[in-house]
Amino acid sequence: MLGTADRARGQTEGRDPLPKTLPGAVCAQKVKCGRPNCRCAKGELHGPYWYRFFRQGGRLVKEYVRQADAPGVRAACERRREEERQLRDLLARGVGRWRRLLSAVREVERGE
Ligand SMILES: [Zn+2]
């Protein structure tokens, strides 16, 4: 499910500085406005507009991103992904060390 409340947020938040990192990914989408006589009803959609998709409490949220902010928001999403990748690496190395330590302790316990 997409969060409809989030669509208006991008327009009302003002010019807050972008956070250094953000979850999710920025995607461009073309949209239908819903007016029956509009060109988009015949398949000629509006846009593209930019949105950031991210998970919040297990729910997929779609947030409007101003075109001017799209490169910055996209970069912030990339920085977050890079941070998470580094964290996973760190965790994997930590688990590896912990396992080697544990097997060393067990060798000592067995009197090897
Ligand atoms: Zn339209």
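The values are calculated or read from the model by the stated rules, or taken from the named source; none is laboratory data. Nothing here was measured: the structure is a model prediction, and the numbers come from that model. For neighbour counting, all protein chains shown are included, and Cβ atoms are generated from backbone atoms with ideal geometry for every residue, glycine included.
Given P48, P71, which one is in contact with a Lys or Arg (Cβ under 7 Å, 6 or more places away or on another chain), surrounded by 10 or more Cβ atoms within 10 Å (Cβ to Cβ) and either not in a helix (DSSP H, G or I) or not β-branched (V, I, T) (or both)? Show your work before the answer.
Details: P71 fails: in contact with a Lys or Arg (Cβ under 7 Å, 6 or more places away or on another chain).
Criteria check complete, one pass: P48.
Take the residues in the stretch 51-68 that are over 13 Å from Q29 (Cα atoms), modelled with pLDDT of 95 or more and surrounded by 12 or more Cβ atoms within 10 Å (Cβ to Cβ); name whichever of them is farthest from the ligand (Cβ to nearest atom).
F54
Filter the stretch 10-32 for residues that are at positive phi and modelled with pLDDT of 95 or more and give the result. Write out each step before concluding.
Here is the first cut: in the stretch 10-32, the ones at positive phi are 14, 24.
Passing the criteria: only G24.
Here is a yes/no grid of residues against (1) modelled with pLDDT of 95 or more; (2) within 16 Å of the ligand (Cβ to nearest atom); (3) on the phi > 0 side of the Ramachandran plot:
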{"residue": "A8", "(1), (2), (3)": "no, no, no"}
{"residue": "G34", "(1), (2), (3)": "no, yes, yes"}
{"residue": "R39", "(1), (2), (3)": "yes, yes, no"}
{"residue": "K42", "(1), (2), (3)": "no, yes, no"}
{"residue": "H46", "(1), (2), (3)": "yes, yes, no"}
{"residue": "E83", "(1), (2), (3)": "yes, no, no"}
{"residue": "Q86", "(1), (2), (3)": "yes, no, no"}
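What tally of residues in the stretch 22-61 results from selecting those that are of a type in the set (G, A, S) and over 17 Å from the mean Cα position of the chain (by Cα)? Break it down stepwise before answering.
Initially, the stretch 22-61 is screened for residues of a type in the set (G, A, S), giving 24-25, 28, 34, 41, 43, 47, 57-58.
Next cut, over 17 Å from the mean Cα position of the chain (by Cα) only: 34, 41, 43, 47.
Qualifying residue count, the stretch 22-61: 4.
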